[in-house]
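Worksheet: one structure, shown below.
Nothing in this text is a laboratory measurement; each read-out follows from the coordinates by a stated rule. Treat the numbers as computed from the prediction; the structure is a model and nothing was measured. Here the Cβ is made from the backbone with ideal geometry for all residues, glycine too, and neighbour counts use every protein chain on show.
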Amino acid sequence: MQKRWFQILVFFILFFLLVLLISETTFIFFPVIKVLGAVAFPIIGAGILYYLTKPVMHFLERHNVPRILSIILVFLLIILVLFLFVIFIWPIARDQIANFVESIPSMVKMVEDFIDYWQRNVTDIPDQVVTAINDFTNNLPNIIEGSLEYLFGFIGGFIGQVISIVAGIVLIPFFLFFMLKDGEKLIPFITQTFSKKKAQNIRSLLTKVDHVLSSFIQGQLIVSFAVGVLLLIGYLIIGLDYALALSLFGMLTNVIPYLGPFIAVTPALIIGVFQDPMNLIWVSIIMLTAQQIESNLISPNVMGQALNLHPLTIITVILAAGSIAGFIGILFAVPFYAVLRTIIVHFYGTYVDSKKNKDDALI
């Protein structure tokens, strides 16, 4: 028992020494990080498309379609989806976004008029509250201007990286083609240098990781699409302005588990209140209904129990990743944690099985 604790202590000492060594020699790893950062975008983009399109390719292969032809058909399907989005959906969403931006000054004027009316007709207000309201009203144009400057500054920084992003987008089809063509060869290639027993163990681990990533990516995107459609139907029923743009926003934010719906409903509530105060109730009902259908019907059937992560754990992981790596950390927190958890559980199970086999051999 003491020997085991000593081994654990040595492991943690060596681990922290390794972390310290890496932190003190970042100049060595910086070029490697830059190279990995340059290829990360096309690899991640191609990986997401790979897990989305792999079932289609396998479906075609089961119907005796050669792999190369299956891959070509998959690419044609992707092009068709993009074409339909650009022709039928994007123009409407673009016009709605432009109309919303144009309506911001009138919305600000409505807020100022309401505050002014409230101040004139309500007398029993503490002086501190009146001062705070006056400060907020006077600073409201500056707040909006600052928010817009931050937004356009972010967009400007984004545009500054257009060349690298375009290059990454150009590389995505090439990565995707070879992933679809040779994806099954990766595990045998990795395990070929190990002994038969270790190779089987590593093959089992990589299969579990592949299953977790496949379940999360396919499931989360299908769920997000379903939620977006439900929101669009609900917004159209109540006649909410900018319904398509808001449902697309909800579809995108729903990629973030648990926190995404709260982000999605915020602009819908704000726009709904300006259109009609009763929309505050209707939008809340629509979002609650969509989330109940998603959590009780869609997610269990699409994602199943592949991840098996507690909601509190997911929220904690997302908040921690967001504070460390910002929006990128929020996006990749859950799959990263799910993969890490799968690896730890696998090796712990391997350790328990090996210990049990040793005990059985002694008996």
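Based on Cα contacts under 8 Å between residues 6+ apart, region 197-351 shows a relative contact order of 29 percent. Apply 1/(1 + (r/R0)^6) to the Cβ-Cβ distance of Ile202 and Glu61, taking R0 = 22 Å, and write down the FRET efficiency to the nearest 0.05. Efficiency at R0 = 22 Å is approximately 0.25. The stretch between Phe262 and Lys185, if pulled fully straight at 0.36 nm per residue, gains 23.6 nm over its current Cα-Cα span. Neighbour counts of C-beta atoms inside 10 Å place Thr253, Thr266 in the sequence Thr266, Thr253, starting with the fewest. As a proxy for reagent exposure, ranking His58, His346 by other Cβ atoms within 10 Å from fewest up yields His58, His346.
As an exercise, use a Förster radius of 56 Å and the Cβ-Cβ distance of Leu9 and Leu76 to find the FRET efficiency, rounded to the nearest 0.05. The calculated FRET efficiency here is 0.45. In terms of surrounding Cβ atoms within a 10 Å radius of their Cβ, Val10, Val227 rank from fewest to most as Val10, Val227.
Our compactness index for region 197-351, the C-alpha radius of gyration over the empirical 2.2 N^0.38 Å, is 1.22. Between Ile104 and Phe174, the contour length at 0.36 nm per residue exceeds the Cα-Cα span by 20.9 nm.
Non-local lysine pairs in region 160-279, meaning eight or more places apart or on different chains, with alpha-carbon distances under 18 Å, amount to 5.
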